[in-house]
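Some notes on the structure that comes next.
Nothing in this text is a laboratory measurement; each read-out follows from the coordinates by a stated rule. Treat the numbers as computed from the prediction; the structure is a model and nothing was measured. For neighbour counting, all protein chains shown are included, and Cβ atoms are generated from backbone atoms with ideal geometry for every residue, glycine included.
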Amino acid sequence: MRDRIDIAVLSRRTFVIAGAVAAGLAPFIARANEDAGASDAFVPSQDFKDDFARIVGSAKPIEGKISVDLPETADNGNFVPITIAVDSPMTEADHVKAIHILSTANPHAHVATFHLSPVNAVARVQSRMRLAKTQDVIVLAELSGGDMLVSTTRVKVLIGGCGI
C-alpha cells in the first residue's frame, strides 16, 4: 500500500499576503542585521590610531571651536560633502596652521590635510570625501600656539565608497 503524503497548498491570496508581509519586514530585518554588525563599525582601525597619534603627538586635543557640516546619513559613500570652520582670529600670533580629516574605518584613515596661514583670513575649508561604511569622522585643528582642537561626527553610510 502507498503511504499518503499530505501537502498543504496555499491559495493565491494567502501566497500574496505572505509575500507582502515578507517584503514589508525586509527593511527592518536588514536594519537589525546592520545594527548587529555595527558594534565593530565604530572600533577605530589601526591605521586610524597610527595617523591620529602621528598628527596629535603629545598634545591633548580639546573639544570645541570646530564647526563641522557633514550629513548624518550619506546615501552614497563615494561623494560625502564636508565643510569645516574653526573659530580663530587668524592673526599672525593666533591662527589655525592645519586642519586634518581622519576616518575611523576607511582603508586609509588620513583623508586630507589643509595647511592655513593668517593670509587665509578665515579658517574654513570645504571638500568632499569617500567613506567606506558607517563610521566616525574626526577633524583636528592644529593651532599656531601648539594647541590641538578636535571634533567627532558620526556618518551613516548607506552605500560604501571605498573598497576594503
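Let me check I've understood the local charge: for G146, count other residues with C-beta under 13 angstrom from its C-beta, Lys and Arg +1, Asp and Glu -1. What total comes out?
-1
Collect residues whose amide H, placed 1.01 Å from N in the peptide plane, falls under 5 Å from the amide H of A112; neighbours closer than 5 in sequence don't count.
Excluding prolines and chain starts, which carry no amide H, the hits are I101.
Could you give me the ³J(HN,Hα) list for the stretch 72-85, computed from phi with Karplus coefficients 6.51, -1.76, 1.60 and θ = phi - 60°, whole Hz, x at Gly and Pro?
Along the stretch 72-85, the couplings run 5, 10, 9, 4, 9, x, 6, 9, 10, x, 9, 10, 10, 10 Hz.
What area, in nm² and to one decimal, does the C-alpha convex hull of the stretch 73-153 cast on average over all directions?
5.1
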